[in-house]
1. Would you call Ser216 under 24 Å from Leu50 (Cα atoms) and modelled with pLDDT of 70 or more?
2. In segment 138-150, which residue that is within 19 Å of Val442 (Cβ to Cβ) and not β-branched (Val, Ile, Thr) is surrounded by the most Cβ atoms within 10 Å (Cβ to Cβ)?
3. Given the criteria in contact (Cβ under 8 Å) with a residue 40 or more places away in the chain, polar (S, T, N, Q) and in contact with a Gly (Cβ under 9 Å, 6 or more places away or on another chain), does Gln325 qualify?
4. Being in a loop (DSSP other than H, G, I, E, B), closer than 19 Å to Phe457 by Cα and of a type outside the set (D, E, K, R): is that true of Gly389 here?
5. Scanning segment 161-213 for residues that are closer than 21 Å to Asp260 by Cβ and aromatic (Phe, Trp, Tyr), which turns out most open to solvent (accessible area, probe 1.4 Å)?
6. How many residues does segment 262-300 hold that are open to solvent by 60 Å² or more (accessible area, probe 1.4 Å) and not charged (D, E, K, R)?
7. How many residues are polar (S, T, N, Q) and under 29 Å from Gly368 (Cα atoms) when one looks only at segment 79-108?
8. Note down all Cβ pairs under 6 Å where the first residue falls in segment 348-361 and is closer than 13 Å to Val459 by Cβ, the second is among the aromatic types (Phe, Trp, Tyr), and they're at least six residues apart or on different chains.
Amino acid sequence: MATRRKFLSHSCGLGVAAATVSTTALTLGLTRSASASTLGDYRALVCILLSGGNDSFNMIVPNDEDQYDEYSKIRSDLALDRSSLLALPGTTDEGRSYAVHPGLSDVQQLYEVGDLAFVANVGTLVEPLDGNDVDRGKARVPLGLFSHSDQIAQWQSVVSYNRTSSFGWGGRMADLIDPHPASGLSMNISLSGNNLFQTGQQVSPYAIYYEGDGASRVWSYPQLWLNGINVDQVTNDLLNVEHDNMLRREYSRRLKSAIDNRETFVSAIRSAPELQTQFSQNYLSGSLKQIARVIGGRHSIGQARQTFFVNIGGWDHHAYLKDYQAAMLPIVSKALGEFKAALQELGEFDNVVTFTVSDFGRTLTSNGKGSDHGWGGHHMVMGGAVRGGSLYGTYPELSATSPLDVGRGIYIPTTSVEQYFAELALWFGVAPGNLDEVLPAVRNFYTPSSSDAPMGFLV
(Lines give C-alpha, C1' and ligand atoms only; values in the text may rest on other atoms or scores of the structure.)
Protein backbone atom coordinates (compact mmCIF):
# COMPACT_ATOMS: atom_id res chain seq x y z
CA MET A 1 0.00 0.00 0.00
CA ALA A 2 2.96 2.33 0.55
CA THR A 3 3.71 2.11 -3.17
CA ARG A 4 0.14 3.02 -4.01
CA ARG A 5 0.16 6.01 -1.65
CA LYS A 6 3.40 7.15 -3.29
CA PHE A 7 1.78 6.65 -6.71
CA LEU A 8 -1.19 8.85 -5.74
CA SER A 9 1.06 11.57 -4.38
CA HIS A 10 3.31 11.52 -7.44
CA SER A 11 0.42 11.51 -9.90
CA CYS A 12 -1.16 14.57 -8.30
CA GLY A 13 2.03 16.54 -8.98
CA LEU A 14 2.54 15.56 -12.60
CA GLY A 15 0.45 18.45 -13.89
CA VAL A 16 3.05 20.91 -12.57
CA ALA A 17 6.23 18.90 -13.01
CA ALA A 18 5.87 17.55 -16.56
CA ALA A 19 7.17 19.64 -19.42
CA THR A 20 5.05 20.58 -22.41
CA VAL A 21 6.48 19.72 -25.81
CA SER A 22 5.65 20.89 -29.29
CA THR A 23 2.40 19.61 -30.75
CA THR A 24 3.55 19.94 -34.34
CA ALA A 25 4.41 16.26 -34.63
CA LEU A 26 0.94 15.30 -33.46
CA THR A 27 -0.82 16.74 -36.47
CA LEU A 28 0.37 13.64 -38.38
CA GLY A 29 -0.14 14.95 -41.86
CA LEU A 30 -3.76 16.03 -41.52
CA THR A 31 -3.57 18.03 -44.75
CA ARG A 32 -4.92 14.95 -46.51
CA SER A 33 -8.70 15.07 -46.57
CA ALA A 34 -11.65 13.13 -47.87
CA SER A 35 -14.63 15.08 -49.11
CA ALA A 36 -17.59 14.84 -46.77
CA SER A 37 -19.80 14.34 -49.82
CA THR A 38 -18.19 10.91 -50.41
CA LEU A 39 -19.24 9.59 -47.00
CA GLY A 40 -22.85 8.77 -47.85
CA ASP A 41 -25.67 9.30 -45.39
CA TYR A 42 -25.65 12.03 -42.75
CA ARG A 43 -24.10 11.32 -39.35
CA ALA A 44 -23.58 13.48 -36.27
CA LEU A 45 -21.85 13.14 -32.91
CA VAL A 46 -23.09 15.08 -29.88
CA CYS A 47 -20.61 15.34 -27.01
CA ILE A 48 -21.95 16.25 -23.56
CA LEU A 49 -19.16 17.19 -21.15
CA LEU A 50 -20.09 16.79 -17.48
CA SER A 51 -17.26 19.01 -16.31
CA GLY A 52 -15.93 18.82 -12.79
CA GLY A 53 -15.75 15.02 -12.60
CA ASN A 54 -19.10 13.24 -12.39
CA ASP A 55 -19.42 10.66 -9.60
CA SER A 56 -20.61 7.88 -11.88
CA PHE A 57 -20.46 5.23 -9.14
CA ASN A 58 -23.78 6.73 -8.03
CA MET A 59 -25.02 7.00 -11.62
CA ILE A 60 -24.92 3.26 -12.32
CA VAL A 61 -24.77 1.01 -9.26
CA PRO A 62 -24.29 -2.76 -8.74
CA ASN A 63 -27.69 -4.26 -7.95
CA ASP A 64 -26.90 -7.90 -7.18
CA GLU A 65 -26.75 -8.58 -3.47
CA ASP A 66 -23.01 -9.32 -3.11
CA GLN A 67 -21.78 -6.31 -5.06
CA TYR A 68 -24.39 -3.93 -3.68
CA ASP A 69 -23.24 -4.88 -0.18
CA GLU A 70 -19.63 -4.09 -1.14
CA TYR A 71 -20.73 -0.82 -2.74
CA SER A 72 -22.70 0.16 0.37
CA LYS A 73 -19.87 -0.77 2.72
CA ILE A 74 -17.17 1.16 0.80
CA ARG A 75 -19.31 4.20 -0.05
CA SER A 76 -20.71 4.47 3.50
CA ASP A 77 -22.65 7.75 3.73
CA LEU A 78 -22.54 8.25 -0.07
CA ALA A 79 -24.33 4.98 -0.85
CA LEU A 80 -27.80 5.19 -2.36
CA ASP A 81 -30.53 3.15 -0.71
CA ARG A 82 -31.05 0.00 -2.75
CA SER A 83 -34.83 0.35 -2.63
CA SER A 84 -34.58 3.72 -4.37
CA LEU A 85 -32.58 2.46 -7.36
CA LEU A 86 -34.11 1.95 -10.81
CA ALA A 87 -33.22 -1.57 -11.90
CA LEU A 88 -31.84 -2.26 -15.37
CA PRO A 89 -33.01 -5.45 -17.06
CA GLY A 90 -30.75 -8.44 -17.58
CA THR A 91 -27.61 -9.79 -15.94
CA THR A 92 -24.02 -10.24 -17.09
CA ASP A 93 -22.39 -13.61 -17.78
CA GLU A 94 -21.02 -13.41 -14.25
CA GLY A 95 -24.53 -12.96 -12.83
CA ARG A 96 -24.09 -9.29 -12.07
CA SER A 97 -26.99 -6.87 -12.35
CA TYR A 98 -27.11 -3.08 -12.27
CA ALA A 99 -29.42 -0.20 -11.48
CA VAL A 100 -29.35 3.54 -12.06
CA HIS A 101 -29.77 6.57 -9.84
CA PRO A 102 -33.44 7.25 -8.94
CA GLY A 103 -33.28 10.52 -10.91
CA LEU A 104 -32.50 8.73 -14.18
CA SER A 105 -35.96 7.46 -15.12
CA ASP A 106 -35.66 8.54 -18.77
CA VAL A 107 -32.24 6.90 -18.97
CA GLN A 108 -33.72 3.68 -17.56
CA GLN A 109 -36.44 3.74 -20.25
CA LEU A 110 -33.92 4.48 -23.03
CA TYR A 111 -31.83 1.53 -21.84
CA GLU A 112 -34.83 -0.78 -21.66
CA VAL A 113 -35.88 -0.08 -25.29
CA GLY A 114 -32.33 -0.51 -26.56
CA ASP A 115 -31.51 3.12 -27.38
CA LEU A 116 -28.90 3.72 -24.67
CA ALA A 117 -25.86 1.82 -23.43
CA PHE A 118 -23.35 2.30 -20.64
CA VAL A 119 -19.60 2.18 -21.18
CA ALA A 120 -17.95 1.16 -17.92
CA ASN A 121 -14.71 2.24 -16.22
CA VAL A 122 -13.33 4.49 -18.96
CA GLY A 123 -10.38 6.78 -18.42
CA THR A 124 -7.15 8.24 -19.73
CA LEU A 125 -4.32 5.72 -20.03
CA VAL A 126 -0.87 5.64 -21.58
CA GLU A 127 -0.97 1.86 -22.00
CA PRO A 128 -2.97 -1.02 -20.50
CA LEU A 129 -2.33 -1.01 -16.77
CA ASP A 130 -3.16 -3.02 -13.67
CA GLY A 131 -2.55 -2.77 -9.96
CA ASN A 132 0.56 -4.99 -10.16
CA ASP A 133 2.24 -2.37 -12.36
CA VAL A 134 1.54 0.21 -9.67
CA ASP A 135 2.85 -2.04 -6.90
CA ARG A 136 6.08 -2.65 -8.84
CA GLY A 137 6.47 1.07 -9.48
CA LYS A 138 6.40 0.50 -13.26
CA ALA A 139 3.22 2.37 -14.04
CA ARG A 140 3.34 4.95 -16.81
CA VAL A 141 0.39 7.21 -16.09
CA PRO A 142 -1.23 10.22 -17.78
CA LEU A 143 0.03 13.74 -17.22
CA GLY A 144 -1.59 15.44 -14.20
CA LEU A 145 -3.74 12.43 -13.37
CA PHE A 146 -6.11 14.07 -10.87
CA SER A 147 -5.94 17.62 -12.23
CA HIS A 148 -9.15 19.08 -13.67
CA SER A 149 -7.36 21.08 -16.37
CA ASP A 150 -5.04 18.27 -17.47
CA GLN A 151 -7.67 15.55 -17.52
CA ILE A 152 -10.36 17.62 -19.18
CA ALA A 153 -7.82 18.46 -21.91
CA GLN A 154 -6.78 14.83 -22.33
CA TRP A 155 -10.36 13.63 -22.74
CA GLN A 156 -10.71 16.15 -25.57
CA SER A 157 -7.27 15.82 -27.19
CA VAL A 158 -6.62 12.11 -26.44
CA VAL A 159 -2.97 12.92 -25.78
CA SER A 160 -2.01 11.77 -22.30
CA TYR A 161 1.69 11.27 -21.63
CA ASN A 162 4.37 13.92 -21.06
CA ARG A 163 2.98 16.24 -23.69
CA THR A 164 -0.03 18.35 -24.50
CA SER A 165 -1.83 19.07 -27.75
CA SER A 166 -3.50 22.15 -29.19
CA PHE A 167 -5.86 19.98 -31.24
CA GLY A 168 -8.77 17.74 -30.28
CA TRP A 169 -9.94 14.50 -31.83
CA GLY A 170 -13.11 16.11 -33.19
CA GLY A 171 -10.97 18.81 -34.79
CA ARG A 172 -8.67 16.21 -36.33
CA MET A 173 -11.71 14.42 -37.78
CA ALA A 174 -12.91 17.67 -39.34
CA ASP A 175 -9.43 18.31 -40.77
CA LEU A 176 -9.66 14.92 -42.49
CA ILE A 177 -13.29 15.00 -43.58
CA ASP A 178 -14.25 18.59 -44.37
CA PRO A 179 -11.55 21.20 -43.74
CA HIS A 180 -12.91 23.65 -46.34
CA PRO A 181 -16.72 23.28 -46.47
CA ALA A 182 -18.41 24.76 -49.50
CA SER A 183 -20.82 26.69 -47.27
CA GLY A 184 -17.95 28.19 -45.28
CA LEU A 185 -19.60 26.93 -42.08
CA SER A 186 -17.57 24.55 -39.89
CA MET A 187 -18.90 21.02 -39.43
CA ASN A 188 -18.01 21.41 -35.72
CA ILE A 189 -20.64 23.43 -33.86
CA SER A 190 -20.35 24.33 -30.17
CA LEU A 191 -23.03 25.42 -27.74
CA SER A 192 -20.31 26.18 -25.18
CA GLY A 193 -17.83 28.42 -26.96
CA ASN A 194 -14.33 27.48 -27.99
CA ASN A 195 -13.21 24.03 -26.89
CA LEU A 196 -10.27 21.72 -27.49
CA PHE A 197 -12.34 18.74 -28.68
CA GLN A 198 -13.51 20.50 -31.86
CA THR A 199 -10.32 22.43 -32.62
CA GLY A 200 -8.18 21.17 -35.48
CA GLN A 201 -5.16 22.42 -37.36
CA GLN A 202 -7.42 23.85 -40.05
CA VAL A 203 -10.91 23.71 -38.52
CA SER A 204 -12.29 25.67 -35.56
CA PRO A 205 -15.68 25.22 -33.89
CA TYR A 206 -18.50 27.56 -34.86
CA ALA A 207 -19.94 28.80 -31.57
CA ILE A 208 -23.67 29.42 -31.24
CA TYR A 209 -26.16 30.19 -28.45
CA TYR A 210 -28.92 27.90 -27.21
CA GLU A 211 -31.56 30.61 -27.53
CA GLY A 212 -33.07 32.43 -30.52
CA ASP A 213 -31.50 31.73 -33.89
CA GLY A 214 -28.23 30.81 -32.22
CA ALA A 215 -25.74 32.81 -34.26
CA SER A 216 -24.05 35.78 -32.62
CA ARG A 217 -24.10 39.20 -34.24
CA VAL A 218 -20.95 40.86 -35.53
CA TRP A 219 -21.08 44.17 -33.67
CA SER A 220 -24.66 45.34 -34.28
CA TYR A 221 -24.71 43.97 -37.84
CA PRO A 222 -27.26 43.46 -39.34
CA GLN A 223 -29.07 46.55 -38.07
CA LEU A 224 -30.02 49.36 -40.40
CA TRP A 225 -29.60 52.40 -38.13
CA LEU A 226 -27.64 53.04 -34.94
CA ASN A 227 -27.33 56.56 -33.50
CA GLY A 228 -28.21 58.02 -36.87
CA ILE A 229 -25.64 55.93 -38.75
CA ASN A 230 -26.53 53.36 -41.39
CA VAL A 231 -24.44 50.55 -39.86
CA ASP A 232 -25.05 48.02 -42.62
CA GLN A 233 -23.99 50.44 -45.35
CA VAL A 234 -20.87 51.58 -43.52
CA THR A 235 -19.82 47.98 -42.77
CA ASN A 236 -20.39 46.87 -46.36
CA ASP A 237 -18.40 49.83 -47.69
CA LEU A 238 -15.48 48.95 -45.42
CA LEU A 239 -15.56 45.31 -46.46
CA ASN A 240 -15.45 46.26 -50.16
CA VAL A 241 -12.22 48.24 -49.78
CA GLU A 242 -9.10 46.56 -51.24
CA HIS A 243 -6.50 47.00 -48.50
CA ASP A 244 -2.77 47.01 -49.29
CA ASN A 245 -1.86 46.25 -45.69
CA MET A 246 -1.84 42.48 -45.07
CA LEU A 247 -3.27 42.71 -41.55
CA ARG A 248 -6.12 44.97 -42.64
CA ARG A 249 -6.83 42.68 -45.57
CA GLU A 250 -6.93 39.61 -43.32
CA TYR A 251 -9.10 41.36 -40.73
CA SER A 252 -11.53 42.39 -43.46
CA ARG A 253 -11.61 38.84 -44.82
CA ARG A 254 -12.36 37.36 -41.41
CA LEU A 255 -15.04 39.92 -40.63
CA LYS A 256 -16.75 39.26 -43.95
CA SER A 257 -16.51 35.51 -43.32
CA ALA A 258 -18.12 35.92 -39.88
CA ILE A 259 -21.01 37.92 -41.37
CA ASP A 260 -21.47 35.43 -44.20
CA ASN A 261 -21.38 32.46 -41.82
CA ARG A 262 -24.01 34.06 -39.62
CA GLU A 263 -26.31 34.61 -42.58
CA THR A 264 -25.75 31.02 -43.77
CA PHE A 265 -26.42 29.61 -40.31
CA VAL A 266 -29.53 31.68 -39.58
CA SER A 267 -30.96 30.82 -42.99
CA ALA A 268 -30.36 27.12 -42.35
CA ILE A 269 -31.84 27.02 -38.86
CA ARG A 270 -34.92 28.95 -39.98
CA SER A 271 -35.45 26.42 -42.76
CA ALA A 272 -35.73 23.58 -40.23
CA PRO A 273 -39.15 22.07 -39.50
CA GLU A 274 -40.88 23.50 -36.44
CA LEU A 275 -40.33 21.03 -33.61
CA GLN A 276 -43.40 19.75 -31.77
CA THR A 277 -41.31 18.14 -29.01
CA GLN A 278 -41.47 20.12 -25.79
CA PHE A 279 -38.11 20.75 -24.14
CA SER A 280 -37.55 21.68 -20.50
CA GLN A 281 -36.42 25.18 -19.57
CA ASN A 282 -32.74 24.68 -18.73
CA TYR A 283 -29.40 25.08 -20.47
CA LEU A 284 -28.89 21.42 -21.44
CA SER A 285 -32.40 20.91 -22.81
CA GLY A 286 -32.20 24.26 -24.60
CA SER A 287 -28.84 23.32 -26.12
CA LEU A 288 -30.09 19.94 -27.34
CA LYS A 289 -33.18 21.62 -28.80
CA GLN A 290 -30.92 24.02 -30.70
CA ILE A 291 -28.82 21.12 -31.93
CA ALA A 292 -31.98 19.38 -33.17
CA ARG A 293 -32.92 22.58 -35.04
CA VAL A 294 -29.48 22.72 -36.67
CA ILE A 295 -29.76 19.07 -37.72
CA GLY A 296 -33.23 19.77 -39.08
CA GLY A 297 -31.83 22.57 -41.26
CA ARG A 298 -28.66 20.85 -42.39
CA HIS A 299 -29.92 20.20 -45.93
CA SER A 300 -29.72 23.88 -46.82
CA ILE A 301 -25.96 23.91 -46.18
CA GLY A 302 -25.25 20.39 -47.45
CA GLN A 303 -23.53 19.03 -44.35
CA ALA A 304 -22.90 15.26 -44.43
CA ARG A 305 -21.08 15.21 -41.10
CA GLN A 306 -21.42 17.38 -37.99
CA THR A 307 -20.18 17.32 -34.40
CA PHE A 308 -21.78 19.22 -31.53
CA PHE A 309 -20.39 20.08 -28.10
CA VAL A 310 -22.19 21.04 -24.87
CA ASN A 311 -20.45 21.65 -21.54
CA ILE A 312 -22.56 21.23 -18.40
CA GLY A 313 -20.52 22.24 -15.34
CA GLY A 314 -20.91 21.81 -11.61
CA TRP A 315 -20.02 18.12 -11.11
CA ASP A 316 -17.10 18.58 -8.69
CA HIS A 317 -18.99 17.32 -5.66
CA HIS A 318 -16.51 17.28 -2.78
CA ALA A 319 -19.53 17.97 -0.54
CA TYR A 320 -23.29 17.39 -0.66
CA LEU A 321 -22.82 14.81 -3.43
CA LYS A 322 -26.17 13.09 -2.97
CA ASP A 323 -28.10 16.35 -2.82
CA TYR A 324 -26.46 17.83 -5.90
CA GLN A 325 -26.83 14.67 -7.98
CA ALA A 326 -30.48 14.39 -6.96
CA ALA A 327 -30.97 17.82 -8.52
CA MET A 328 -28.66 17.51 -11.55
CA LEU A 329 -28.96 13.95 -12.87
CA PRO A 330 -32.72 14.28 -13.60
CA ILE A 331 -31.94 17.28 -15.82
CA VAL A 332 -29.52 15.18 -17.88
CA SER A 333 -31.92 12.24 -18.02
CA LYS A 334 -34.93 14.31 -19.09
CA ALA A 335 -32.89 16.19 -21.70
CA LEU A 336 -31.75 12.93 -23.31
CA GLY A 337 -35.34 11.72 -23.53
CA GLU A 338 -36.45 15.01 -25.09
CA PHE A 339 -33.58 14.95 -27.57
CA LYS A 340 -34.46 11.44 -28.69
CA ALA A 341 -38.09 12.50 -29.27
CA ALA A 342 -37.02 15.52 -31.34
CA LEU A 343 -34.59 13.49 -33.46
CA GLN A 344 -37.28 10.87 -34.09
CA GLU A 345 -39.62 13.67 -35.11
CA LEU A 346 -37.01 14.76 -37.66
CA GLY A 347 -36.32 11.18 -38.79
CA GLU A 348 -32.67 11.53 -37.72
CA PHE A 349 -32.39 9.44 -34.53
CA ASP A 350 -30.55 6.62 -36.33
CA ASN A 351 -28.00 9.14 -37.66
CA VAL A 352 -27.02 10.83 -34.38
CA VAL A 353 -24.97 9.41 -31.50
CA THR A 354 -24.93 11.32 -28.21
CA PHE A 355 -22.24 10.48 -25.67
CA THR A 356 -21.02 11.74 -22.30
CA VAL A 357 -17.50 12.55 -21.14
CA SER A 358 -16.11 13.97 -17.88
CA ASP A 359 -12.78 14.96 -16.34
CA PHE A 360 -12.47 11.68 -14.44
CA GLY A 361 -14.40 9.35 -12.15
CA ARG A 362 -14.32 9.89 -8.40
CA THR A 363 -13.24 8.09 -5.26
CA LEU A 364 -15.50 5.28 -4.21
CA THR A 365 -14.78 6.19 -0.60
CA SER A 366 -16.27 9.22 1.12
CA ASN A 367 -14.32 12.22 2.38
CA GLY A 368 -17.02 12.69 5.01
CA LYS A 369 -19.09 15.05 2.84
CA GLY A 370 -18.67 13.93 -0.75
CA SER A 371 -16.13 12.25 -3.02
CA ASP A 372 -12.77 13.36 -4.38
CA HIS A 373 -10.97 13.20 -7.72
CA GLY A 374 -10.62 9.68 -9.09
CA TRP A 375 -9.76 7.99 -12.39
CA GLY A 376 -11.98 5.44 -14.14
CA GLY A 377 -15.67 6.33 -14.56
CA HIS A 378 -18.81 5.26 -16.43
CA HIS A 379 -20.51 6.94 -19.39
CA MET A 380 -23.67 6.87 -21.49
CA VAL A 381 -24.10 6.54 -25.25
CA MET A 382 -27.50 7.12 -26.91
CA GLY A 383 -28.76 6.78 -30.47
CA GLY A 384 -30.60 4.65 -32.98
CA ALA A 385 -27.26 3.16 -34.05
CA VAL A 386 -26.41 2.15 -30.47
CA ARG A 387 -26.66 -1.49 -29.46
CA GLY A 388 -28.43 -0.43 -26.31
CA GLY A 389 -29.68 -2.27 -23.28
CA SER A 390 -26.15 -3.44 -22.50
CA LEU A 391 -23.09 -2.43 -20.53
CA TYR A 392 -19.81 -2.37 -22.47
CA GLY A 393 -16.32 -2.58 -21.08
CA THR A 394 -15.79 -3.97 -17.59
CA TYR A 395 -17.55 -2.66 -14.52
CA PRO A 396 -14.90 -3.31 -11.85
CA GLU A 397 -15.63 -5.75 -9.08
CA LEU A 398 -15.95 -3.54 -6.03
CA SER A 399 -13.80 -4.60 -3.12
CA ALA A 400 -11.56 -3.00 -0.52
CA THR A 401 -8.79 -5.30 -1.81
CA SER A 402 -9.45 -4.88 -5.55
CA PRO A 403 -6.24 -5.06 -7.64
CA LEU A 404 -7.58 -2.10 -9.64
CA ASP A 405 -7.89 0.10 -6.55
CA VAL A 406 -4.83 2.36 -6.24
CA GLY A 407 -6.13 3.87 -3.00
CA ARG A 408 -9.34 5.37 -1.60
CA GLY A 409 -11.45 3.54 -4.16
CA ILE A 410 -9.71 5.12 -7.16
CA TYR A 411 -10.06 2.48 -9.85
CA ILE A 412 -7.63 2.06 -12.74
CA PRO A 413 -9.61 2.33 -16.00
CA THR A 414 -10.13 -0.94 -17.85
CA THR A 415 -11.23 0.87 -21.02
CA SER A 416 -9.14 3.67 -22.51
CA VAL A 417 -10.56 6.85 -24.00
CA GLU A 418 -8.93 5.69 -27.27
CA GLN A 419 -11.15 2.58 -27.37
CA TYR A 420 -14.25 4.60 -26.51
CA PHE A 421 -13.60 7.26 -29.14
CA ALA A 422 -12.32 4.85 -31.82
CA GLU A 423 -15.77 3.24 -31.85
CA LEU A 424 -17.36 6.67 -32.37
CA ALA A 425 -14.82 7.85 -34.97
CA LEU A 426 -15.14 4.73 -37.13
CA TRP A 427 -18.94 4.98 -37.09
CA PHE A 428 -18.65 8.66 -38.00
CA GLY A 429 -16.74 7.79 -41.16
CA VAL A 430 -13.03 7.93 -40.29
CA ALA A 431 -11.28 5.21 -42.29
CA PRO A 432 -9.37 2.61 -40.25
CA GLY A 433 -6.18 3.71 -42.00
CA ASN A 434 -6.68 7.26 -40.72
CA LEU A 435 -7.58 6.35 -37.15
CA ASP A 436 -3.98 6.98 -35.95
CA GLU A 437 -4.26 10.55 -37.20
CA VAL A 438 -7.36 11.17 -35.09
CA LEU A 439 -6.26 9.19 -32.01
CA PRO A 440 -2.43 9.26 -31.90
CA ALA A 441 -2.00 6.46 -29.32
CA VAL A 442 -4.84 4.21 -30.48
CA ARG A 443 -2.50 1.30 -31.30
CA ASN A 444 -1.65 0.93 -27.62
CA PHE A 445 -5.20 -0.34 -27.16
CA TYR A 446 -6.68 -1.28 -30.55
CA THR A 447 -5.40 -2.35 -33.96
CA PRO A 448 -7.15 -0.21 -36.62
CA SER A 449 -6.90 -2.99 -39.23
CA SER A 450 -8.72 -5.42 -36.93
CA SER A 451 -11.93 -6.99 -38.16
CA ASP A 452 -13.35 -6.53 -34.65
CA ALA A 453 -14.86 -3.25 -33.52
CA PRO A 454 -13.04 -1.39 -30.73
CA MET A 455 -15.95 -1.99 -28.33
CA GLY A 456 -19.01 -3.06 -30.31
CA PHE A 457 -21.65 -0.68 -28.96
CA LEU A 458 -22.44 0.79 -32.41
CA VAL A 459 -23.93 -0.95 -35.44
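The values are calculated or read from the model by the stated rules, or taken from the named source; none is laboratory data. Computed from a prediction, not measured in an experiment: that's the story for all the values here. Note that we place each Cβ from the backbone using ideal geometry, even for glycine, and neighbour counts take in every protein chain shown. These accessible areas exclude ligands, DNA and RNA; they are computed on the full protein's heavy atoms, side chains included. Shrake-Rupley method; radii C 1.70, N 1.55, O 1.52, S 1.80 Å.
1. Taking the combined requirement at face value, the residue does not satisfy it.
2. Among those that are within 19 Å of Val442 (Cβ to Cβ) and not β-branched (Val, Ile, Thr), it is Pro142.
3. yes
4. Answer is yes for this residue.
5. It comes out as Tyr209.
6. Matching residues across segment 262-300 total 9.
7. Residues that pass the stated criteria total 4.
8. So the pair list comes out as Asn351/Tyr42.
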